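Heads up: the structure comes next, in structure tokens.
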Amino acid sequence: MLWVLGAVLAVAVVAISVKLYGQYGDPTYGAQVVRYTDVTDRQIAVEFWVVVPAGGAATCVVRARSQSGAEVGRAEVTLRAAPGQTRAQTVYRLVTTERPVTGEVPHCRAAA
């Protein structure tokens, strides 16, 4: 009887995971940080690209973290691919509240 309950629970977890992935995890708008440069006490330049549908646009969250792991800067950046292209690239200069040690692009979505 216990194994039946386990199987039902496993099916429920998979169903919830599929629903959440469909709602929040769109691989069409995957981003990749190329590098981050120009690190100062008040900024970081984050170079990244994002995959979009041909000629499409994406809005991405760009953030910076301090040595302690705290978020010290955050912005939303919209990139548009050239007509027929499926990748857009930019260098975004992010203002920070203290010295960052890394720049990240944790999430992108279709631009509004």
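The values are calculated or read from the model by the stated rules, or taken from the named source; none is laboratory data. No experiment lies behind these values; they were computed from the predicted model shown. Neighbour counts run over all protein chains shown; Cβ positions are idealised from the backbone, glycine included.
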Subject >> Pick from region 46-69, criterion more than 11 Å from the chain's Cα centre (by Cα) and hydroxyl-bearing (S, T, Y), ranking: surrounded by the most Cβ atoms within 10 Å (Cβ to Cβ) >> reply: S66
**OP:** For region 70-80, enumerate the residues that are over 12 Å from the mean Cα position of the chain (by Cα) and closer than 16 Å to Q43 by Cα.
**Re:** A70, E71, V72, G73
Original post:
Taking E71, is it within 21 Å of R109 (Cα to Cα), free of Cβ contacts under 8 Å to residues at least 40 places away in the same chain and either of a type in the set (D, E) or in contact with a His (Cβ under 7 Å, 6 or more places away or on another chain) (or both)?
Top reply: yes
Original post:
Which one is modelled with the highest pLDDT, of the residues in region 21-38 that are under 30 Å from S66 (Cβ atoms) and part of a helix (DSSP H, G or I)?
Top reply: Y29
**OP:** State all residues of region 81-108 that are closer than 13 Å to V51 by Cβ and loosely packed, with under 15 Cβ neighbours inside 10 Å; if no residue qualifies, say none.
**Re:** Q85, T86, R87, Q89
**OP:** Select from region 58-76 the residues that are more than 12 Å from A31 (Cα to Cα) and not hydroxyl-bearing (S, T, Y) and list them in ascending order.
**Re:** R63, A64, R65, Q67, G69, A70, E71, V72, G73, R74, A75, E76
**OP:** Could you please find all residues in region 81-108 being more than 25 Å from D41 (Cα to Cα), among the small types (G, A, S) and part of a strand (DSSP E or B)?
**Re:** A88
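Which of the residues spanning region 60-80 are small (G, A, S) and more than 18 Å from W49 (Cα to Cα)?
The answer is S66, S68, G69, A70, G73.
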